[in-house]
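The values are calculated or read from the model by the stated rules, or taken from the named source; none is laboratory data. Please read these numbers as outputs of a predicted model, since none were measured by experiment. In this analysis, Cβ positions are derived from the backbone assuming ideal geometry, glycine residues included, and neighbour counts consider all displayed protein chains.
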Amino acid sequence: MKIVVFDIWGDYGHFRIPYTTSSPLTFPVPPKTAIYGIIGAILGYDKASYLDNFQDKRWKVAIGIKNEVVSTRIPENFINTKSVKLFARMPIGKSCRTQINMEFLKNPYYRIYVTSTCEEELLRLSKHLKAHKSVYTVSLGISECLANFKYVGTYSGEIKYSDFTEISSILPLSLVQNASRINFLTEGTKYLRIHLPLEMKDDRELVESDDFILEVTGKGIKADLEKYIRVVELEENIVLF
């Protein structure tokens with residue numbers, strides 16, 4: 001199994017939790033659906049149809065946290081574009097602005113592991129990353145949160161079975177039969193359980209999601225899993241989903 005690895009980071013990130021309303025909150029890590037968007041931007045997939053390239057679980061990813069997850073609130077002014085025409089003055093005596101506090105991730109930094117049954121596209125992704133080239137601008141969630149990235153390498157992945165080891169990526173709970181198989185008592189660690197979207201149809205209908213355990217300071221998660229992937233050259237253990 002070939003696994004393409006790259007780092008991505010920025011000053012701010014925002015991966016909106018869809019069920020929040022007046023005060024948008026963010027997921028602490030990019031969901032798999034956001035990784036699809038990042039890959040699509042690098043490879044130049046059309047915005048209207050890029051999800052066609054990710055159907056049938058052709059791509060699998062793992063997400064590692066490199067910087068501690070820290071969030072902050074920033075008030076933003078939103079304009080009611082239905083009341084204000086482009087380049088026109090604001091209506092007299094009527095405010096068309098609404099100030100909303102948005103939650104942003106501060107200095108987010110992630111390591112992304114990617115593999116695919118589409119070997120040609122995986123090779124093309126590695127070439128773009130190596131040349132630090134993207135067809136469209138890469139961001140962390142929304143266009144205001146510009147991102148930088150760097151190619152780490154393309155490595156061999158070996159399937160390992162039934163072993164208590166340190167996992168360098170976030171951990172899908174669907175692959176953990178018993179919570180006692182995770183060591184939550186490691187000194188200096190902070191764990192968080194979140195629910196993330198995984199797969200969408202080409203019309204953006206969500207069809208799959210899962211619960212995850214992540215260690216917010218960037219340390220590994222010690223767990224006894226039935227199966228995981230060993231990235232041989234990096235000496236890192238990950239779980240693809």
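Summary of computed values
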{"quantity": "Looking only at segment 2-24, and only at residues there that are part of a loop (DSSP other than H, G, I, E, B) and modelled with pLDDT of 95 or more, the one that is surrounded by the fewest Cβ atoms within 10 Å (Cβ to Cβ)", "calculated": "Asp11"}
{"quantity": "Contacts under 7 angstrom Cβ, first residue in segment 37-65 being among the basic types (Lys, Arg), partner surrounded by 13 or more Cβ atoms within 10 Å (Cβ to Cβ), 6 or more apart", "calculated": "Lys57/Glu199; Arg58/Ser116; Arg58/Cys118; Lys60/Thr115; Lys60/Leu240; Lys60/Phe241"}
{"quantity": "Wholly enclosed strands (runs of 3 or more DSSP E) of segment 92-191 bearing at least 3 residues closer than 20 Å to Leu234 by Cα", "calculated": "109-116, 148-167"}
{"quantity": "Conditions (1) at positive phi; (2) surrounded by 13 or more Cβ atoms within 10 Å (Cβ to Cβ); number of the one not met by Glu235", "calculated": "(2)"}
{"quantity": "Top-ranked residue of segment 55-76 - restricted to ones that are over 26 Å from Pro24 (Cβ atoms) and surrounded by 15 or more Cβ atoms within 10 Å (Cβ to Cβ), ranked as nearest to the chain's Cα centre (by Cα)", "calculated": "Ala62"}
{"quantity": "Single unsatisfied condition, Leu105 versus (1) out of contact with any Pro (no Cβ under 8 Å at 6 or more places or on another chain); (2) of a type outside the set (Asp, Glu); (3) within 28 Å of Lys222 (Cα to Cα); (4) at pLDDT 95 or above", "calculated": "(1)"}
{"quantity": "Subset of segment 11-40 (residues that are among the polar types (S, T, N, Q), out of contact with any helix residue (DSSP H, G or I) (no Cβ under 9 Å at 6 or more places or on another chain) and farther than 19 Å from Glu215 by Cα)", "calculated": "Thr20, Thr21, Ser22, Ser23"}
{"quantity": "Residue within segment 36-52 that is closer than 18 Å to Glu121 by Cα, modelled with pLDDT under 90 and in a loop (DSSP other than H, G, I, E, B) present", "calculated": "yes"}
{"quantity": "Residue match in segment 170-190 (condition: among the charged types (D, E, K, R), at pLDDT 85 or above and within 28 Å of Arg16 (Cβ to Cβ))", "calculated": "yes"}
{"quantity": "Flag if Ile194 is outside any loop (DSSP other than H, G, I, E, B), farther than 15 Å from Lys32 by Cβ and not aromatic (Phe, Trp, Tyr)", "calculated": "no"}
{"quantity": "Close pairs (6 angstrom Cβ cut-off, 6 or more residues apart or separate chains): farther than 14 Å from Phe6 by Cα in segment 104-121, aromatic (Phe, Trp, Tyr) anywhere", "calculated": "Phe104/Tyr12; Ser116/Trp59"}
